[in-house]
């Protein structure tokens, strides 16, 4: 990791120029990588978010923690940088930040493409696909039959399974697939399977048109329908996809259940997004606590996110950092799409209701180093931070805490005048991200936009964490109660930061950190 030492601070009206030297620090040992680092230097390529070595990627799939390894599978088309016949790509990590790319795990077969799904560690060998000494990892996924789709049938999506007896390196499909036939519903997909300890069985939540269905099984092979949820709850502007069911403690330490469901279209800022419900689950049905409309992320670019299985009480979420409005036409060449930072999630109680709070996983802190820090400073005029070694590569984080905030905006841009603007509007109690002047936007007429998010917290102090990675921003506000994720495509990396309060404002804390590339 780079260690930054500020050797001189020169104050010029409205401009702070910091000159620093860098000192090498031995990099922690990481897994060997299949691909040469050079291919991760293309224009707009993220440097600390996961992206495929080449070609198309969308939904995260089959995320499971097993024998000290985090497995990430993902929707992948290895022959093009636009969507096509889906495979499961594969990568592994020991820290959720540094990734080793692995060979493709699942290929299309006579039943169809391999759509989204999940994976579990069948530690008691309930499936009989392994043994007591070597229990299997089991992947549960949707088969998408393209011929049935083309023929306009309603039963072309079914559920299949595959298993691994070598820790996820290789996979064998179950010889009697599919294990769950389609009753005649066009959108019948994306199984998320969990172990339900009170019932000593497995529960599957499946996206079914504009709602979800719950199924149960003793062996991961034979499935029984239990109930439906969603006809009269949540957003219904599009098809429901990629559900997840999670047991989580509330602040009092009692059990609650979260149901995450993505929707396309119908998101709060256009296109695809992910909603969630807080409620109770009894092994048969889900009962929400209220009818509040809640969103995982109010930016445009966090979709199909789910959580890792088999990591006990820790809840870690990962989403696809794009939007179906423009995912196939964004200006990248050898690859398309990245994932969000992995995020810890917890349940908080605010204004009489429960809300999720998201923060970057703690392992992310290991690739950061401080380069600028002030405390207890009143700022009335714009604060302009330029020419900092560590900003020039577009990898940095801005943290701030503001007491009794007025309107404030942060402009982050480059020497060409391209910029993205992040701000808070006091009267409206809203955050926003404005990417109308962010760089390349003409590939889609809906990309250039301003996105808004409500402030959920009622604390006097406002907190904002802004994480930039070449062509993306992730905003975590107020302990993660409000989150926004947006991508952008500047002609050159952003390296200038302008912090502009509307009136004199007390910054309790302001820090800028450099972030190290994982490649």
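The values are calculated or read from the model by the stated rules, or taken from the named source; none is laboratory data. Here the structure is a predicted model, which means the values were calculated and not measured. Cβ coordinates were reconstructed from backbone atoms using ideal geometry, including for glycine residues, and neighbour counts include every protein chain displayed.
The table below lists the values:
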{"item": "Pairs, first farther than 27 Å from residue 122 by Cβ in segment 215-234, second in a strand (DSSP E or B), C-beta under 6 Å, six or more apart", "result": "230/211; 230/212; 231/211; 233/288; 234/275"}
{"item": "Members of segment 400-429 found to be out of contact with any strand residue (DSSP E or B) (no Cβ under 8 Å at 6 or more places or on another chain) and over 20 Å from residue 298 (Cα atoms), listed by number", "result": "416, 417, 418"}
{"item": "Test: residue in segment 445-458 that is part of a strand (DSSP E or B) and under 21 Å from residue 331 (Cα atoms)", "result": "yes"}
{"item": "Test: residue in segment 304-320 that is surrounded by fewer than 24 Cβ atoms within 10 Å (Cβ to Cβ) and under 30 Å from residue 439 (Cα atoms)", "result": "no"}
{"item": "Filtered residues of segment 42-76 (kept if part of a strand (DSSP E or B) and over 21 Å from residue 168 (Cβ atoms))", "result": "55, 56"}
{"item": "Odd one out for residue 97 among (1) assigned to a strand (DSSP E or B); (2) crowded, with 22+ Cβ neighbours inside 10 Å", "result": "(1)"}
{"item": "Any hit, segment 461-470, residues being out of contact with any helix residue (DSSP H, G or I) (no Cβ under 8 Å at 6 or more places or on another chain), part of a loop (DSSP other than H, G, I, E, B), in contact (Cβ under 8 Å) with a residue 40 or more places away in the chain and farther than 22 Å from residue 303 by Cα", "result": "no"}
{"item": "Of all residues making up segment 333-362, the number that are crowded, with 17+ Cβ neighbours inside 10 Å, under 21 Å from residue 45 (Cβ atoms) and out of contact with any helix residue (DSSP H, G or I) (no Cβ under 7 Å at 6 or more places or on another chain)", "result": "8"}
{"item": "Matching option when the condition is out of contact with any strand residue (DSSP E or B) (no Cβ under 8 Å at 6 or more places or on another chain), surrounded by fewer than 24 Cβ atoms within 10 Å (Cβ to Cβ) and more than 23 Å from residue 105 (Cα to Cα), among 200, 166, 187", "result": "200"}
{"item": "Subset of segment 63-92 (residues that are closer than 19 Å to residue 164 by Cβ and in contact with a helix residue (DSSP H, G or I) (Cβ under 9 Å, 6 or more places away or on another chain))", "result": "none"}
{"item": "Residues within segment 328-345 that are at negative phi and within 15 Å of the chain's Cα centre (by Cα), tallied", "result": "8"}
{"item": "Candidates 47, 30, 75 - the one that is surrounded by 12 or more Cβ atoms within 10 Å (Cβ to Cβ), modelled with pLDDT under 95 and closer than 22 Å to residue 342 by Cα", "result": "30"}
{"item": "Check on residue 240, farther than 20 Å from residue 60 by Cα and not in a loop (DSSP other than H, G, I, E, B)", "result": "no"}
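For every residue, the table says whether it meets (1) under 14 Å from residue 71 (Cα atoms); (2) in a loop (DSSP other than H, G, I, E, B); (3) without any contact (Cβ under 8 Å) to a residue 12 or more places away in the chain; (4) not assigned by TED's automatic domain parsing to the domain that holds residue 61.
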position	(1), (2), (3), (4)
89	yes, no, no, no
114	no, no, no, no
126	no, yes, no, no
149	no, no, yes, no
162	no, no, no, no
